[in-house]
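The structure under discussion appears below in the form of structure tokens.
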Amino acid sequence: MSNTTKGILAVVGFFLIGFLIVGTSEKSEEEKKNESFVTGFATLSRITTMRCKAEIKKHTGANVYFPTETKTDKSNYLTLIWKDNKEGFKNAECTFTRSNGAITNLVIDGKTYISKKTRT
């Protein structure tokens, strides 16, 4: 066997071993739960940010960017709070609740625009 053939066989063997290791390794239940939790919170955060920004713009005409404070249980609800904003309003608080699939509370400068009971 020539050196070239040996080199090719070594590379092919390396890839086969890699595929075998990856193919037979599975995630534990704990790893799956953690991954699901992170994905769920990221989705909750993205939806809340998108919907709250749209509602605040609808009622004030102002664009909002980064909230100054957040409150959450990391699975069911997320509240975004903007304080001392200089464009269009001073303070705003917006809560998105996953069980409702909607904004359940929106208060801008002390005036309530949305107030819904949360489903249990």
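The values are calculated or read from the model by the stated rules, or taken from the named source; none is laboratory data. Just so we're clear, the structure is a prediction, and the values are computed from it rather than from any experiment. Reconstructed Cβ throughout: ideal geometry from the backbone, glycine too, with neighbour counts over all protein chains shown. Keep in mind that these areas ignore ligands, DNA and RNA; they rest on the heavy atoms of the full protein, side chains included. Shrake-Rupley method; radii C 1.70, N 1.55, O 1.52, S 1.80 Å.
Over 26 Å between C-alpha atoms is what I'm after, so list which of K53/K83; K58/K111; K33/K57; K32/K83; K86/K116 land there. Walk me through the intermediate numbers first.
Working: K53/K83 14 Å; K58/K111 14 Å; K33/K57 36 Å; K32/K83 37 Å; K86/K116 28 Å.
Beyond 26 Å: K33/K57; K32/K83; K86/K116.
Of (1) 1.25; (2) 1.51; (3) 1.83, which one was derived for Cα Rg over 2.2 N^0.38 Å from the structure shown? This structure yields the entry labelled (3). Checking every one of the chymotrypsin sites (Phe, Trp or Tyr not before Pro) in region 16-105 against DSSP loop status and a limit of 10 other Cβ atoms within 10 Å picks out Y65.
Working note: Karplus 6.51/-1.76/1.60 with θ = phi - 60° gives region 19-34 the couplings 5, 5, 5, 5, x, 9, 8, 10, 7, 6, 4, 5, 5, 5, 5, 4 Hz, where Gly and Pro are set to x. Only protein heavy atoms count here; on that basis, with a 1.4 Å probe, I8 has an accessible area of about 100 Å². Here the Karplus curve 6.51 cos²θ - 1.76 cosθ + 1.60, taken at θ = phi - 60°, turns the phi angles of region 36-51 into couplings of 5, 4, 5, 5, x, 5, 4, 5, 4, 5, 5, 5, 4, 4, 4, 6 Hz, with x standing for Gly and Pro.
Largest mean-square fluctuation among T95, T70, T104, in a Gaussian network model of the chain whose springs join Cα atoms under 10 Å apart, belongs to T70. Based on C-alpha pairs under 8 angstrom that are at least 6 apart in sequence, the chain has a relative contact order of 15 percent.
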